[in-house]
Amino acid sequence: MISNSSIRSLYLDGAAGRLEALLNNGADQATHAAVVCHPHPLFGGTLHNKVVFHTMKALNGFGFPVLRFNFRGTGLSQGEHDQGIGEVADVRAALDWLDAEYHLPLLFAGFSFGAAVGLRAACADSRVRAVIGVGTPVGPVAAEAEEPRVYTFDFMQDCAKPKLFVSGARDQFGPRAKLETLFASVPEPKKLVLIEGADHFFEGRLRELREAIEAWVKERVLS
């Protein structure tokens, strides 16, 4: 694996204003560039989330430059939370920036809300060669005293790019049966990895998450 500890802080031009971002620089001969999206901002999700960080490290270890950013209304990003609708445009802004900066094939990864929103943008974008859904929220997501949020993934039935789904076998927002139903409905190539003992946040199982992503990148992206 390639080690590069150089990090760049920047802002992206988003539809709702500037978006706070961090770029983990890649190797000079990088073959791909990647974006990783964070979980729900109203539940405390930011670009510094542990699952997002470990997903970034797995991809950056191959020498890929990896961009993380805060969705609108999160951290120093301008705008207001838009229930996952406007956030699709935030993902497009990140993909546009990566494409303009590197002119490399792109990879997408998103955790939880970041998967629900980001896959919608990434699957429709021909520049994105492969996608990763981490803790994909196929079940209702709710905090205390909140209306449950339900995400739909019908759009993925037309997503012919390589797809990796990684979830905890005890994911409280991604019941195994529902995840397997989604997985069965999407076209090949695809892979589903369920990490035994892991919950939605991969508590104590972050190493297994990274290993699952690394193995799939070697097998599907770099082979």
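The values are calculated or read from the model by the stated rules, or taken from the named source; none is laboratory data. Values in this document were obtained by computation on a predicted structure and should not be read as measured data. Neighbour counts run over all protein chains shown; Cβ positions are idealised from the backbone, glycine included. The accessibility values were calculated without ligands, DNA or RNA, using every heavy atom of the protein model including side chains. Shrake-Rupley method; radii C 1.70, N 1.55, O 1.52, S 1.80 Å.
Has segment 40-56 got at least one residue that is more than 20 Å from residue 209 (Cβ to Cβ) and touching a residue at least 60 places away in the same chain (Cβ under 8 Å)?
Residues of segment 40-56 that are more than 20 Å from residue 209 (Cβ to Cβ), as a first pass: 41-42.
Okay, now just the ones that are also touching a residue at least 60 places away in the same chain (Cβ under 8 Å), so 41-42.
Yes, segment 40-56 has at least one match.
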Checklist outcome for this item: Within segment 157-178, the count of residues that are in contact with a helix residue (DSSP H, G or I) (Cβ under 7 Å, 6 or more places away or on another chain) and surrounded by 23 or more Cβ atoms within 10 Å (Cβ to Cβ) comes to 4
Next on the checklist: Checking residue 209 against (1) surrounded by 12 or more Cβ atoms within 10 Å (Cβ to Cβ); (2) out of contact with any His (no Cβ under 7 Å at 6 or more places or on another chain); (3) outside any strand (DSSP E or B), only one condition comes out false. Which one?
Outcome noted: (2)
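Is there a residue in segment 117-136 that is among the small types (Gly, Ala, Ser) and surrounded by fewer than 17 Cβ atoms within 10 Å (Cβ to Cβ)?
Of the residues in segment 117-136, the ones among the small types (Gly, Ala, Ser) are 118, 121-122, 124, 126, 130, 133, 135.
Next cut, surrounded by fewer than 17 Cβ atoms within 10 Å (Cβ to Cβ) only: 124, 126.
Yes, the conditions are met somewhere in segment 117-136.
Would you confirm whether any residue within segment 120-139 is on the phi > 0 side of the Ramachandran plot and not charged (D, E, K, R)? Talk me through it step by step, then tell me what you get.
Step one: of segment 120-139, the residues on the phi > 0 side of the Ramachandran plot are 135.
Then drop every residue that is not not charged (D, E, K, R), which leaves 135.
Yes - at least one qualifying residue is present in segment 120-139.
Table: residues versus (1) at pLDDT below 95; (2) in a helix (DSSP H, G or I).
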residue: 117; (1), (2): no, yes
residue: 120; (1), (2): no, yes
residue: 131; (1), (2): no, no
residue: 144; (1), (2): yes, no
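Just for strands (runs of 3 or more DSSP E) wholly inside segment 1-115: which have at least 1 residues that are surrounded by fewer than 22 Cβ atoms within 10 Å (Cβ to Cβ), of a type outside the set (S, T, N, Q) and in contact with a Phe, Trp or Tyr (Cβ under 7 Å, 6 or more places away or on another chain)? First the steps, then the outcome.
Numbers: elements: 7-14, 17-24, 33-37, 66-69, 106-111.
Fully inside segment 1-115 and qualifying: 7-14, 17-24.
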Item to check | Cβ-Cβ under 6 Å pairs, at least 6 apart or on other chains, segment 13-34 side over 22 Å from residue 57 (Cβ atoms), far side in a loop (DSSP other than H, G, I, E, B) and of a type outside the set (Gly, Ala, Ser) | outcome: 16/72; 17/78; 18/78
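Go through segment 139-154 and give me each residue that's of a type outside the set (Ser, Thr, Tyr), touching a helix residue (DSSP H, G or I) at 6+ places or on another chain (Cβ under 6 Å) and either open to solvent by 10 Å² or more (accessible area, probe 1.4 Å) or touching a residue at least 60 places away in the same chain (Cβ under 8 Å) (or both). Reasoning before the result, please.
At the first step, the residues of segment 139-154 found to be of a type outside the set (Ser, Thr, Tyr) are 139-150, 153-154.
Remaining after also requiring touching a helix residue (DSSP H, G or I) at 6+ places or on another chain (Cβ under 6 Å): 139, 143, 153.
Correct list: 143, 153.
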Item to check | Filter result (touching a Lys or Arg at 6+ places or on another chain (Cβ under 6 Å) and acidic (Asp, Glu)) within segment 182-222 | outcome: 199
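Condition check: farther than 21 Å from residue 11 by Cα, in a loop (DSSP other than H, G, I, E, B) and free of Cβ contacts under 8 Å to residues at least 12 places away in the same chain. Does residue 136 satisfy that?
Numbers: farther than 21 Å from residue 11 by Cα: yes; in a loop (DSSP other than H, G, I, E, B): yes; free of Cβ contacts under 8 Å to residues at least 12 places away in the same chain: no.
So residue 136 fails the test.
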